[in-house]
Amino acid sequence: MSGKDFFVSRYEQLGWKYRPVELRQSIRFNRINNVKGQDLVSRLLHLGLNLDKIEFLSDGYWVCDSRVSAGATAEYLLGLYSIQEAAAQIPVSLFSDLEDKSVLDASAAPGGKTVQLANIMNNSGSIVAIDISKQRLAALSNHLERCRVKNTIVYQLDARNSPKLGLRFDRILVDVPCSGNFASDSKWFQNRTLKDIERNARLQREILMKASECLADDGEIVYSTCSLEPEENELNIDWAIRRLGLEIVKIDCVGVSGLTVVFGKELDSSIARCRRFWPGLTQGFFVCKFVRNSHES
Amino acid sequence: MKVEVFENFSLKFGVKLTFGGEMLVQRDGRFFLLNSNVNFLVRDDFFYAGIYLGKVIDGKVFPSFNLLDMLVKCEANRVVIGRKASWLFICGRDVFRKSILRIYGDVCRSEYVLVLNEFGECLGFGKVLVGLSEYSDKNVVAVANVLDVGDFLRRERVV
């Protein structure tokens, strides 16, 4: 069970008609490094990088056209901005009151969201960023140094072992490893099978389960994937509601409601509070915000 | 002892950095400065923590850009260079005397100097090759590039 026709037919069953998508590059300004009140938009325009504000993001900009590579300007190397896909900027923005909080970033590499967390936290509080791959941790470390992040501790750790940290966190970002989507990977349809997706979905459940064990009583979890497949999204969320004592919080952001019926299976109605992003304006994405179920706690 | 290595390094820029109440930790020759928010979170097996200061190999300091920023805040010896020279500097090139717009501090030959762009942002540092404050040939290389922010791209190529 694989191939473009197979997946496109699934998307149609879920209510979305496939169309090819060309993604626009986007960047995010790093507030902690833009303290001098400079007009970074004008400064980048002067270099030949023409930006347009992304309406639904506080620090996000579309790169409209560019005479230079956005990843090779002095401003980029000085950490004044990061290159981050627009939808990928959403999960971190959904946490409430990040300043001075303790935060776990499970599956943190290459660090775009870790840097975003540190920015919103204004380098206050603490972030524990974990990832299983040492090579990816080197990229994460470079990213932290480049963007002058000061409140983060990084460990090489499988997110399924996060309880071994022995810590409780006020906020947990569970941006799980996922199957990705065709909009950001031109060979996606050739390379992916339903088996991969089911395997990833199992891994994601394990990560979410272990991460939820580290959540402080009044804490928040944001779960996200860049997958369009319901096994990695709504079906995992339905499982989490039933098994992990979590409840979904309504979030205010772009995208469409999470699916409450998937291939004929009826899911918990609260899953409509999640947001799903079919490719178009951004890549494919899914995001959900949890708190502990007040009845269970 | 290790604090002294960084303090001595800062002396080469004409200032003495001091690390107040913050904790300095080491991992595989890399040094990190931790404030009270994060120091209690650090176990022996950490990979990166707090503010990365740089590497020390056989007593020689390979500073991070965080450390260079700290030196800027301490008003260490520094030069401000023009726009084109800034771009060449982050591409790994040296700085010509004619590209230096302003000089701050007592910048002496053979000492280190921070290299800033016109916005006051630290692009890296270099070694002073000629006396800058006195009259000198404008077409000579005045500061030899030792480290610049283009290093972030070069590191990625290595990975």
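The values are calculated or read from the model by the stated rules, or taken from the named source; none is laboratory data. Not measured: the values here are computed from a predicted model. Here Cβ is always computed from backbone atoms with ideal geometry, including for glycine, and neighbour counts include all displayed protein chains. Heads up: the accessible areas ignore ligands, DNA and RNA and are worked out on the full protein's heavy atoms, side chains in. Shrake-Rupley method; radii C 1.70, N 1.55, O 1.52, S 1.80 Å.
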Take the alpha carbon gyration tensor of the range A:113-165, find the square roots of its eigenvalues, order them as a ≥ b ≥ c, and report rounded if a/c is under 1.5; if not, report prolate when a/b exceeds b/c, else oblate.
-> oblate
When the dipole is taken about the Cα centre of the range A:178-297, and only Lys, Arg (+1) and Asp, Glu (-1) are charged at their Cβ, what size is it in debye, to the nearest 20?
-> 300
With 23 Å as the limit, write out which pairs from B:K55/B:K138; A:K134/B:K2; B:K84/B:K138; A:K4/A:K113 have Cα-Cα distances beyond it, or answer none.
-> B:K55/B:K138; A:K134/B:K2; A:K4/A:K113
In nm, to one decimal, how far is the B:V140 label point from the B:V3 one, both placed 7 Å along Cα→Cβ?
-> 4.1
Within a Gaussian network of chain B (alpha carbon springs, distance under 10 Å), most fluctuating of B:A142, B:A76, B:A49 | B:A49
Long-range HN-HN contacts of A:S26 with modeled amide H, under 5 Å | A:V63, A:Q84, A:A86
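When all alpha-carbon pairs of chain B are counted, what percent fall beyond 25 Å?
On the way: 4189 of 12561 pairs.
Across chain B, Cα pairs with separations above 25 Å total 33 percent.
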Over chain A, what is the relative contact order in whole percent, taking alpha-carbon pairs under 8 Å and six or more residues apart?
-> 18
What residue among A:V92, A:V254, A:V68 has the largest mean-square fluctuation in a Gaussian network model of chain A, using Cα springs under 10 Å?
-> A:V68
Remind me, relative contact order of the range A:29-179 in percent, using alpha carbon pairs under 8 angstrom and six or more residues apart?
-> 23
Rounded to the nearest 10 Å², the 1.4 Å probe accessible area of B:R93 is 140
What is the packing order of peptides A:186-193, A:93-100, B:85-92, A:244-251, taking the mean over residues of other C-beta atoms within 10 Å and listing the highest first?
-> B:85-92, A:244-251, A:93-100, A:186-193
Counting only other chains, what is the mean number of Cβ atoms within 10 angstrom of the Cβ of each residue in peptide B:31-40?
-> 4
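Applying 1/(1 + (r/R0)^6) with R0 = 30 Å to the Cβ-Cβ distance of A:D196 and A:K265, what FRET efficiency is obtained, to the nearest 0.05? Could the numbers behind the result be given before it?
Details: r = 21 Å, r/R0 = 0.69.
So, using R0 = 30 Å, E works out to roughly 0.90.
Within 10 Å of each Cβ in B:45-55, how many Cβ atoms from other chains are there, averaged over the peptide? Kindly include the intermediate steps, with their values, before the conclusion.
Working: counts 3, 5, 13, 15, 9, 8, 8, 7, 0, 1, 0.
Counting Cβ atoms of other protein chains within 10 Å of each residue's Cβ and averaging gives 6.
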Contact order relative to length for the range B:20-159, counting C-alpha pairs under 8 Å separated by 6 or more residues, stands in percent at 18
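Quick one: divide the alpha-carbon radius of gyration of the range A:54-213 by 2.2 N^0.38 Å and tell me what you get.
On the way: Rg = 16.4 Å, N = 160, 2.2 N^0.38 = 15.1 Å.
Its radius of gyration relative to the 2.2 N^0.38 Å reference: 1.08.
In Å², and per residue, what accessible area does the range A:1-112 have when probed at 1.4 Å with the other protein chains present?
I get 45 Å² per residue for this part.
Rounded, prolate or oblate: which fits chain A when a ≥ b ≥ c are the square roots of the eigenvalues of the alpha-carbon gyration tensor, with rounded for a/c under 1.5 and prolate only if a/b beats b/c?
Because a/c hits 1.5 or more and a/b fails to exceed b/c, chain A counts as oblate.
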Separation between the A:K250 and B:E111 pseudo-spin-labels, each 7 Å from Cα along Cα→Cβ, expressed in nm?
-> 6.4
With a 4.7 Å Cβ cut-off, tell me which Cys residues in the protein assembly as shown come up empty for a partner.
-> A:C64, A:C147, A:C178, A:C214, A:C226, A:C253, B:C74, B:C91, B:C108, B:C122
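What's the FRET efficiency of A:R168 with A:A272 using the Cβ-Cβ distance as r and R₀ = 35 Å, to the nearest 0.05?
Working: r = 30 Å, r/R0 = 0.85.
Rounded to the nearest 0.05, the efficiency is 0.75.
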Largest fluctuation, B:S110, B:S64, B:S36 only, Gaussian network model of chain B with Cα springs under 10 angstrom, belongs to B:S36
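What's the Kirkwood radius of the range A:70-163 in Å, using all Cα pairs? Don't skip to the answer; put the middle values down first.
Numbers: mean 1/r = 0.0745 Å⁻¹.
By the Kirkwood definition, the hydrodynamic radius is 13.4 Å.
With each run of n ≥ 4 DSSP H residues scored as -39500 (n - 2.57), what mean residue ellipticity at 222 nm is computed for chain A after dividing by its residue count and rounding to the nearest 500 deg cm²/dmol?
Values: 9 runs with 81 residues, N = 297.
Helix-only estimate at 222 nm: -7500 deg cm²/dmol.
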Once phi for every residue in the range A:161-173 is put through the Karplus expression 6.51 cos²θ - 1.76 cosθ + 1.60 (θ = phi - 60°), the whole-Hz ³J(HN,Hα) values, with Gly and Pro written as x, are 9, 4, x, 5, 5, x, 10, 10, 10, 6, 9, 10, 9
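If the convex hull of the alpha-carbon atoms of the range A:119-232 is projected onto planes in all directions, what is the mean projected area in square nanometres?
Details: hull surface 32.9 nm².
Convex hull of Cα atoms, orientation-averaged projection: 8.2 nm².
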Which whole-Hz couplings ³J(HN,Hα) result when phi for each residue of the range A:177-183 is put into the Karplus expression 6.51 cos²θ - 1.76 cosθ + 1.60, θ = phi - 60°, listed in order with x for Gly and Pro?
-> x, 9, 7, x, 8, 5, 5
Quick calc: nm separation of the 7 Å Cα→Cβ label points for B:R155 and B:K127 -> 2.3
Set the Förster radius R0 to 22 Å, insert the Cβ-Cβ distance between A:E55 and A:D97 as r into 1/(1 + (r/R0)^6), and round the FRET efficiency to 0.05.
-> 0.40
What is the set of long-range amide H partners of A:V261 at a cut-off below 5 Å, with H atoms built 1.01 Å from backbone N?
-> A:L267
Rounded to the nearest Å, what's the spacing between the alpha carbon centres of the range A:209-263 and the range B:30-53? Just the number, please.
-> 32
For the protein assembly as shown, give the magnitude of the charge dipole about the Cα centre (Cβ charges: +1 Lys/Arg, -1 Asp/Glu; no others), in debye to the nearest 20.
-> 1000
Partner chain Cβ atoms within 10 Å, averaged over the residues of A:252-262 - can you pull that number for me?
-> 0
